[in-house]
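Q: Below you'll find the structure I mean.
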Amino acid sequence: MENQRVKALIKLLEDPNEIVYNAVEKALLKEDKHILPQLELAWEKANSDIFHSRLNNIIHQIQFKTVKKEMHEWIASGAEDLLYGSYLVAKYRYYDLLFASVNEQINSIWRDLRQTIKFCRTPIERVKCINSVVFEKYNFSRNADNPASHRNNYINDVIDSHKGNHITLSIIYVALCNRLNIPVRCVSLPKLLIMCYIDEKAIYDDELKSDSVLFYINAISRGGVLGKKEVDVFLAQQGITPHSRYYIPCSNVEVIRRLLVNLSYTYDLVGNAATVSEIEGLLKVFDN
């Protein structure tokens with residue numbers, strides 16, 4: 001019965017009357033993602049520009065609402081899987097993207113790593129091993145040719161092209177470390193996301209402090225290892241007063257929030273106000 005009602009509403013989208021359309025649009029947008037297959041089937045068969053345009057608009061709005069809801073659920077559930085958070089950002093643009101596909105591509109790199117990492121005894125040796133696979137064998141790097149491309153922020157595009165930015169490269173690095181049970185987490189500096197290697201003795205501490213960090217890792221310098229002094233120098237160069245939060249791991253929520261902010265910036269550069277507005281809507285989930 002519900003399907004028949006939805007079909008009837010979809011049929012009414014062909015009515016040229018704007019009042020009718022507005023009422024039908026409002027009714028359809030109350031529905032969830034379960035009606036997307038019917039809308040997409042109608043879109044494929046649409047034989048008028050106005051019908052096609054209206055269906056496209058409603059499909060996009062429902063997809064956007066779905067991604068926004070899934071982001072809220074990810075945060076509410078503890079935001080434990082950083083890779084999944086980055087996948088949700090990519091799903092905003094590539095709605096049909098499956099997490100299983102992204103996850104398997106990361107697992108493919110992990111399978112290469114696990115064979116060699118077991119011979120590495122010290123944290124520095126482990127990082128060198130990861131760097132040799134991620135930045136040499138797979139040749140992941142900062143997209144120096146087009147650093148402001150929006151594609152640098154979509155994890156699937158980064159995995160496919162092996163080009164990204166400081167945020168997405170760090171997400172891939174941390175995702176691999178999680179699979180290897182290596183305590184590497186993201187650190188949120190102003191203008192730059194880096195990572196830190198945590199002392200294994202401190203992993204389960206209620207509150208991590210800077211002395212719980214053995215060293216820092218910079219993904220855009222191909223996994224270069226940094227000490228606290230290098231972080232001090234970076235902050236001084238940026239004219240930023242040091243704060244304890246710049247030396248300890250940040251939350252996964254903060255990382256994905258930064259990813260969205262960066263994504264918004266890339267669309268703002270090209271004057272895509274509509275997309276910027278939608279990303280601001282996604283950011284409200286994080287701000288709340």
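Q: Give the residue, chosen from Ser277, Ser264, Ser244, Ser221, that is polar (S, T, N, Q) and more than 25 Å from the chain's Cα centre (by Cα).
A: Being polar (S, T, N, Q) and more than 25 Å from the chain's Cα centre (by Cα) holds for just one of Ser277, Ser264, Ser244, Ser221, which is Ser244.
Q: A follow-up question, please. Quick one: how many residues across segment 227-237 are surrounded by fewer than 12 Cβ atoms within 10 Å (Cβ to Cβ) and either among the charged types (D, E, K, R) or part of a loop (DSSP other than H, G, I, E, B) (or both)?
A: 1
Q: May I pose another question? Can you pull out the residues in segment 1-59 that are of a type in the set (Ser, Thr, Tyr) and under 24 Å from Asp96 (Cα atoms)?
A: Hit for segment 1-59 is Ser53, nothing else.
Q: Right, here's the next one. For Lys11, are the conditions met, namely being among the basic types (Lys, Arg) and within 19 Å of Gln63 (Cα to Cα)?
A: no
Q: Report every pair of residues separated by at least 6 positions or lying on different chains whose Cβ atoms are under 6 Å apart, first residue within segment 169-196 and under 14 Å from Asn262 (Cβ atoms), second of a type in the set (Ser, Thr, Tyr).
A: Ile171/Ser86; Cys186/Ser170; Leu189/Tyr246; Leu193/Ser170
Q: Take segment 10-60 and flag every residue that is of a type in the set (A, V, I, L, M) and more than 25 Å from Ala274 (Cβ to Cβ).
A: Within segment 10-60, Leu12, Leu41 meet the criteria.
Q: List the strands (runs of 3 or more DSSP E) that sit entirely inside segment 165-226 and contain at least 2 residues that are surrounded by fewer than 18 Cβ atoms within 10 Å (Cβ to Cβ).
A: In segment 165-226, 224-226 are the strands (runs of 3 or more DSSP E) which contain 2 or more residues that are surrounded by fewer than 18 Cβ atoms within 10 Å (Cβ to Cβ).
Q: Separate question: Quick one: what pairs do we get from segment 119-131, first residue more than 11 Å from Ile182 (Cβ to Cβ), second in a loop (DSSP other than H, G, I, E, B), C-beta under 6 Å, 6+ apart or different chains?
A: Listed pairs, sorted by first residue: Asn131/Gly223.
Q: Right, something else. Mind listing whichever residues of segment 241-264 are without any contact (Cβ under 8 Å) to a residue 24 or more places away in the chain and either out of contact with any Leu (no Cβ under 8 Å at 6 or more places or on another chain) or part of a helix (DSSP H, G or I) (or both)?
A: Initial filter on segment 241-264 (without any contact (Cβ under 8 Å) to a residue 24 or more places away in the chain): 241-243, 261, 264.
Residues satisfying the conditions are His243, Val261, Ser264.
Q: Also, quick follow-up: In this structure, does Leu269 turn out to be assigned by TED's automatic domain parsing to the domain that holds Ile172 and within 17 Å of Ser86 (Cα to Cα)?
A: no
Q: Counting only residues that are crowded, with 17+ Cβ neighbours inside 10 Å and in contact with a Leu (Cβ under 7 Å, 6 or more places away or on another chain), how many does segment 22-34 have?
A: 2
The values are calculated or read from the model by the stated rules, or taken from the named source; none is laboratory data. Computed from a prediction, not measured in an experiment: that's the story for all the values here. In this analysis, Cβ positions are derived from the backbone assuming ideal geometry, glycine residues included, and neighbour counts consider all displayed protein chains.
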